[in-house]
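The values are calculated or read from the model by the stated rules, or taken from the named source; none is laboratory data. Everything quoted here is computed from the prediction, not taken from an experiment. Cβ placement follows ideal geometry from the backbone for every residue including glycine, while neighbour counts extend to all protein chains displayed.
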Amino acid sequence: MGENMTGMAYKMKEVAGRIRELRQITGLSVEEMARRTDLTVDEYLACEAGQRDLNIAFLYRCTLSFGVDMGDLLEGRSPKLRSYALTRKGEGQRIEEAHHMVGYNLAADFRNRIALPLYMELAYRSGAEYEDIQLTTHEGQECDIVIRGHMRIQIGSKTEVLHAGDCIYYDSSTPHGMIAVDGEDCAFYAIVLSNSAAREGEQAAAVATQDTSLPPVDSQARIWQNFITPTEENGRLTAISFQDEDKFNFAFDIVDALGRSKPEKLAMLHVAQDGTAKRLTFQDMKKESARVANYFKSLGIRRGDRVMLVLKRHYQFWFAMLALHKLGAVAIPATNQLLEKDFTYRFAAGNVKAILCTADGDVAEAVDAAAAKSPMLEHKLLVGGNREGWHDFDEEYPIFSSHFARSEDAPCGEDPMLMFFTSGTSGYPKLAAHNYKYPLGHFITAKYWHRVDPDGLHLTISDTGWAKALWGKLYGQWLCEAANFVYDFDRFDPEKILPMFKKYGVTTFCAPPTMYRMLIKQDLSRFDLSSIRHASTAGEALNPEVYKQFKKHTGIAIREGFGQSESTVIIGNLAGDSHKVGSMGKPVPLYDVHLLDIDGNEVDPGETGEICINIAKGRPCGLAYAYEGNEEVTAQTWRDGWYHTGDLAWKDEDGFYWYVGRADDVIKSSGYRIGPFEIENVIMELPYVLECGVSAAPDEIRGQVVKASIVLVKDFKGTDELKKQIQEYVKSRTAPYKYPRIVEFRESLPKTTSGKIIRKQL
């Protein structure tokens, strides 16, 4: 009796463990499960610990909550608990004996199968070769692989003889049958797919082809061909060159030219926060930018003047950018999240003469406070409202002429065009300066990385206040004549954004990994994402789990890319290239990329080095030329014939680059160099983790130790037990010295405007 009781107790302990595992997998909190099972929290925790009897009512409520059968819970056969079913040689569930065959089901315990794998033994019968083969039919498709002996198979009126190693695939609704021949028994594997599984397989194959296939050949003459000559091999970019780049002006040569040649072609579909949609053609962009250029000119804004744009995702941003390009005034985009002290610093560092600003929020108030300390600021212009001491942009600019002629000395080539404040790892932000050649570099960004369609609609999730907006919302897309989709939202809300893919027919999509993480936390089956043909990401390294989940729900493989505010895409998974999940890809032909150690020597494959660009023979189109007003940092960054990115990576034997982190993000603990991203990847595998940032914490003994700052999914609470669980999980997945000795649960993580986690603030 005691032994029986011990066995039962052990069995209940196993069941309790499965309940805990399923709760964690499904993301349900302890409190929610206590409510669903009509227990107190303490009573429910006792059940999970195997310290309380598990009655039928409790078990039944658990099965309803987890979506499993009672047998799954008691026996642990569900694929939610086991991702595989193992059948050893000679095992399998005997299922039938017919037509002199014995069959064994090789995956009897695996639920929700899309295929039925069978091991079949077909006995040889003397004289059977002279008889009609008995035929049968069943739903679906079948694949038979002979492993021993010889088999004659008839499918409809056709007959084939198969030998060991031969395979045949057919529609099993067609009458078919088989016999053993040549005097010996035959054995074969039969894989049977239902019609629904077969259709799913066909869809998956189509998606896979779509992911890896090249964009359709574009036979039309395109505007970019006047300035860009790409060299391709089977659709894969191998080299690129430019012509007349010293005379290039994006506003005149691309937008205005398209406004004349293709006036009705869609340039932008803009959706306001209230849902109002606005269609803007290239003719609209030509005319409205001309009006704004004439308006700016009337205010005394001239060539070389600095104009800051704080416009979120307002369509006026595009009018203003093009207008400044026509005038030769320098655009400085900035985020609406800046405060008074931020504006004060930026006005002075950028020598800002004018600011065009959103009326939303408290931005104008912060600008006014900073303007009082900034004598160089002469003009304040407001979009979407009016305010004392400000020009009403929307009311004033439309009265000006829609014609702005290109002069013989129009800005172009090496003239300064655009500047970005970049968030440095130390000190104040630096002002990266670009010339008029910069947009040409984004041809690769759009055509080969984003893979935009000239007749499609591209969505990049970004605020116009940072460089990624110009990667995905302006230059490359319009060089390729593709339309941009812009949703002018304040807060990223997947529930509002996801329906827009179907409603507006978005074809290509780019977002930082942080946004993809938020998307996959939704029930994506509720949304139609079938219009998407390609997805990409940049801004931080992509967690493999995020990639896996997004592809699972959409069939789309996310392709990573790497670049900076100082560049266009430097390394990427481009069209025509194979890719490895988690890798940044390979260097694009525009840049001569090398990995260098601290002494400037190239490192071997597998070793970490700084990503550097060879500029000894000249600076490529797309790379910034300096940090404005900061000669010391400029000299440190562009030195000895190299541009130093400050980012670390390693290269594998196949030439794929793998991101490690910023040079000063590397954790040095007890002589080990630890990249935070690897640990973040592991922690993100846990179903209850929404976000994770890994940083260094000072330690008296080790110098630094690993610290993990974690945001849990909704309704999941951090406990000391959970901390230990996370630490043990990391230990089991990586080298022991990499596990986080400090685990901190937080409501949110500090991020830049681009969505990057700021590790220095963790």
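For region 721-759, the set of residues classified as acidic (Asp, Glu), in contact (Cβ under 8 Å) with a residue 24 or more places away in the chain and assigned to a helix (DSSP H, G or I) is empty. Sort out which residues of region 225-281 are of a type outside the set (S, T, N, Q), closer than 19 Å to residue 588 by Cα and loosely packed, with under 11 Cβ neighbours inside 10 Å, and write them in order of number. Once the filter is applied, which keeps residues that are of a type outside the set (S, T, N, Q), closer than 19 Å to residue 588 by Cα and loosely packed, with under 11 Cβ neighbours inside 10 Å, region 225-281 yields only 233. Scanning region 154-184 for residues that are under 22 Å from residue 125 (Cα atoms) and surrounded by 15 or more Cβ atoms within 10 Å (Cβ to Cβ) yields 154, 155, 162, 166, 176, 177, 178, 179, 180, 181. Do we find a residue being among the acidic types (Asp, Glu), surrounded by fewer than 16 Cβ atoms within 10 Å (Cβ to Cβ) and in a helix (DSSP H, G or I) anywhere in region 361-379? Looking through region 361-379, at least one residue is among the acidic types (Asp, Glu), surrounded by fewer than 16 Cβ atoms within 10 Å (Cβ to Cβ) and in a helix (DSSP H, G or I). Within region 287-307, the set of residues being basic (Lys, Arg), outside any loop (DSSP other than H, G, I, E, B) and either in contact (Cβ under 8 Å) with a residue 60 or more places away in the chain or within 22 Å of residue 349 (Cβ to Cβ) (or both) comprises 287, 291, 306. Filter region 414-452 for residues that are within 27 Å of the chain's Cα centre (by Cα), surrounded by fewer than 20 Cβ atoms within 10 Å (Cβ to Cβ) and in contact (Cβ under 8 Å) with a residue 24 or more places away in the chain; which is nearest to residue 752 (Cα to Cα)? Among those residues, the one meeting the criterion is 423.
Test residue 705 against the criterion of being farther than 28 Å from residue 29 by Cα and assigned to a strand (DSSP E or B), and give yes or no. When the stated conditions are applied, residue 705 passes them. Here residue 613 meets the list (1) crowded, with 16+ Cβ neighbours inside 10 Å; (2) in contact (Cβ under 8 Å) with a residue 60 or more places away in the chain; (3) not aromatic (Phe, Trp, Tyr) almost entirely, failing just condition (2). Exactly one residue among 709, 732 is at pLDDT below 90, closer than 30 Å to residue 33 by Cα and within 28 Å of the chain's Cα centre (by Cα), and that residue is 732.
For region 728-755, filtering for residues that are of a type outside the set (Ser, Thr, Tyr) and buried (at least 18 other Cβ atoms within 10 Å of the Cβ) leaves 6.
Of all residues in region 409-465, those being of a type in the set (Lys, Arg), in a loop (DSSP other than H, G, I, E, B) and in contact with a Phe, Trp or Tyr (Cβ under 8 Å, 6 or more places away or on another chain) number 1.
Applying the condition of being among the small types (Gly, Ala, Ser) and out of contact with any His (no Cβ under 9 Å at 6 or more places or on another chain) to region 512-544 and asking which residue is surrounded by the fewest Cβ atoms within 10 Å (Cβ to Cβ) yields 530. Is it the case that some residue within region 665-672 is buried (at least 20 other Cβ atoms within 10 Å of the Cβ), part of a strand (DSSP E or B) and modelled with pLDDT of 85 or more? There is no residue in region 665-672 that is buried (at least 20 other Cβ atoms within 10 Å of the Cβ), part of a strand (DSSP E or B) and modelled with pLDDT of 85 or more. Here residue 711 meets each of (1) under 27 Å from residue 620 (Cα atoms); (2) assigned to a strand (DSSP E or B); (3) among the aliphatic types (A, V, I, L, M) with one exception, condition (1).
With respect to residue 405, determine if the residue is hydrophobic (A, V, I, L, M, F, W, C) and either under 28 Å from the mean Cα position of the chain (by Cα) or in the same structural domain as residue 751 (by TED's automatic domain parsing) (or both). Answer is no for this residue. Applying a threshold of 6 Å to beta carbon distances and a minimum spacing of six or more residues, or different chains, the list of pairs starting in region 371-395 at a residue that is polar (S, T, N, Q) and ending at one that is surrounded by 15 or more Cβ atoms within 10 Å (Cβ to Cβ) reads 374/347; 386/392.
In region 282-330, the qualifying residues are those that are closer than 24 Å to residue 363 by Cβ and of a type in the set (S, T, N, Q), and the one that is surrounded by the most Cβ atoms within 10 Å (Cβ to Cβ) is 289. Out of 522, 477, report the one residue that is under 25 Å from residue 227 (Cβ atoms) and either free of Cβ contacts under 8 Å to residues at least 40 places away in the same chain or of a type in the set (S, T, N, Q) (or both). Among 522, 477, only 477 is under 25 Å from residue 227 (Cβ atoms) and either free of Cβ contacts under 8 Å to residues at least 40 places away in the same chain or of a type in the set (S, T, N, Q) (or both).
Looking only at region 125-153, residues that are more than 18 Å from residue 105 (Cβ to Cβ) and modelled with pLDDT under 90 come to 12 in all. When region 124-153 is filtered for residues that are over 16 Å from residue 174 (Cα atoms) and either touching a Lys or Arg at 6+ places or on another chain (Cβ under 8 Å) or loosely packed, with under 15 Cβ neighbours inside 10 Å (or both), the ones remaining, listed by number, are 125, 126, 127, 129, 130, 131, 132, 147.
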